[in-house]
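Visitor: Just dropping this structure here.
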Amino acid sequence: MSFKRKFSDHHSPDSDEDEPSLGKQVLPVAKLPHNFSGEPTDGMQYLFMVRRDARLLPRVTRSANPYEIQEEVETVAVETTYRSGSHPALPSEAWRETFLRHFRNFRKIPPAGPSRKVVPEKKERDLWWAFLNGRPASEWNPPKQPKKSKQKQRYASGDDRYGGSMRGFEKEHETVLSYDSMEQTYSMSTQEEGWHTTAEGVELASTSAVDFAGSLPTPNGTPAPSEFGEGPSNHDRSEEAVNAATSALIPPEPTPSLMQRIDHRYALHLLMYFTYWINLQLEHPNSQHEISETHARWMFVLLSRVEDYISADEMSLLRNLARACIRWIGESKRLQDVEATTESPAPAPSRMDERSCWMVITAVVGIWGQKDLWMDAEAVLAKLQL
């Protein structure tokens, strides 16, 4: 039949059934051996050679991306710039690698067991500053003031009405205590009262109470009678007391028992406080927010509590901390130049030094991949040479 004959003719061995094509072949193709390598003499031989070479090519090809090659070259160039450390004041590459290796191992240390150490609330920035500077617990952890019920007040007024206030008649429940025993009693009540639990599960003390022990007179603090002559004024005594108390303060260290209460979010919140205090000290050098080496150790340990993968907002907090430390290094070098030319007083020995700042910066750069901060540090150091 005609349809069968046409179908058999189309799929005859003489046709190019192995050659994929979109339409029917209309041009004649020469029949030559596959190893033919001579010059084509006509169009049929040329088409044979074209189709033979086309079968040897892959069906899918991919051209090289010129932008991909250029991007790799730029990345290598930038990393080489960071590694080179053109400014001599920047830490060496060997020091950075050693520090990051030790810091990563330090981050793997598990926290200690639960403890009843008390730390201020996460959002109490001023109380944290008092805590970090070794202020007494009555300032950053005041006890909760007990509330008297109306019933007790009524009974107390009745006692006074029936001879409780008469001289020579002592109440049965009254006892005569010395000043020292009274202070010890109040200090014991300070430790037992005022505990509550925050949303993070941390046992903290309330901050709405009054320091009873500080308001009681003591034998050493009782003012002398006027008949013995006038001593120093109250203002002078208060200044001397404040100076003596400040010099005797011992700031707390970031011990494992304290850090066990601090998680990822808590650590970031406290690091935000340190950024604020560093910038405040840089803007107002005579302020009381002096950043010490103890504060640097707190920043170092708090960074170990931050997770490896953080959000963009959390990364911004760490970058602000690193930039604040870069500014601190620049200001410290400027003060050193001023001291070399003038007879200005040297900074306090407990002031945070450049080495501690470099540790904080290297941790942020190495752990969270913020290598562009080295360019900021180099720019700040370059300005000092102009």
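The values are calculated or read from the model by the stated rules, or taken from the named source; none is laboratory data. Please read these numbers as outputs of a predicted model, since none were measured by experiment. Positions of Cβ are generated from backbone atoms using ideal geometry, with glycine treated the same way; all protein chains shown enter the neighbour counts.
Visitor: Identify, from the list Y266, Y273, the residue that is touching a helix residue (DSSP H, G or I) at 6+ places or on another chain (Cβ under 7 Å), aromatic (F, W, Y) and at pLDDT 85 or above. Talk me through it step by step, then tell me what you get.
Guide: Working: Y266 fails: touching a helix residue (DSSP H, G or I) at 6+ places or on another chain (Cβ under 7 Å).
Sole residue among the options that is touching a helix residue (DSSP H, G or I) at 6+ places or on another chain (Cβ under 7 Å), aromatic (F, W, Y) and at pLDDT 85 or above: Y273.
Visitor: Would you confirm, using the coordinates I've provided, whether A224 is surrounded by fewer than 13 Cβ atoms within 10 Å (Cβ to Cβ) and either at pLDDT 70 or above or under 22 Å from V119 (Cα atoms) (or both)?
Guide: Details: surrounded by fewer than 13 Cβ atoms within 10 Å (Cβ to Cβ): yes; either at pLDDT 70 or above or under 22 Å from V119 (Cα atoms) (or both): no.
Criteria not met by A224.
Visitor: Which one is surrounded by the fewest Cβ atoms within 10 Å (Cβ to Cβ), of the residues in the range 241-260 that are at pLDDT 80 or above and part of a loop (DSSP other than H, G, I, E, B)?
Guide: Within the range 241-260, the match that is surrounded by the fewest Cβ atoms within 10 Å (Cβ to Cβ) is I250.
Visitor: Does A89 fit the bill of being surrounded by 10 or more Cβ atoms within 10 Å (Cβ to Cβ) and modelled with pLDDT under 80? Quick ask: steps written out before the conclusion?
Guide: Details: surrounded by 10 or more Cβ atoms within 10 Å (Cβ to Cβ): yes; modelled with pLDDT under 80: no.
Considered against the rule, which asks whether it is surrounded by 10 or more Cβ atoms within 10 Å (Cβ to Cβ) and modelled with pLDDT under 80, A89 comes out as no.
Visitor: Additional query: Which residue pairs have Cβ atoms closer than 8 Å, lie 6 or more positions apart in sequence or on different chains, and pair a first residue in the range 366-386 that is under 14 Å from I326 (Cα atoms) with a second residue that is loosely packed, with under 12 Cβ neighbours inside 10 Å?
Guide: If the second residue must be loosely packed, with under 12 Cβ neighbours inside 10 Å, the pairs left are K371/E79; E378/S86; L384/D337.
Visitor: May I pose another question? With respect to S316, is the statement that it is assigned to a helix (DSSP H, G or I), surrounded by fewer than 16 Cβ atoms within 10 Å (Cβ to Cβ) and either within 17 Å of the chain's Cα centre (by Cα) or of a type in the set (F, W, Y) (or both) true? Give the steps one after another, and end with the answer.
Guide: On the way: assigned to a helix (DSSP H, G or I): yes; surrounded by fewer than 16 Cβ atoms within 10 Å (Cβ to Cβ): yes; either within 17 Å of the chain's Cα centre (by Cα) or of a type in the set (F, W, Y) (or both): yes.
Judged against the criteria, S316 is a match.
Visitor: Kindly check whether there is at least one residue in the range 331-347 that is farther than 29 Å from E253 by Cα, among the polar types (S, T, N, Q) and either at pLDDT 95 or above or outside any helix (DSSP H, G or I) (or both). So that I can check it myself, show each step before the final result.
Guide: Taking the range 331-347 as the starting set, the residues that turn out to be farther than 29 Å from E253 by Cα are 334, 337-344.
Still in the running and among the polar types (S, T, N, Q): 341-342, 344.
Filter again for either at pLDDT 95 or above or outside any helix (DSSP H, G or I) (or both), leaving 342, 344.
Within the range 331-347 (the criterion being farther than 29 Å from E253 by Cα, among the polar types (S, T, N, Q) and either at pLDDT 95 or above or outside any helix (DSSP H, G or I) (or both)), the answer is yes, since at least one residue qualifies.
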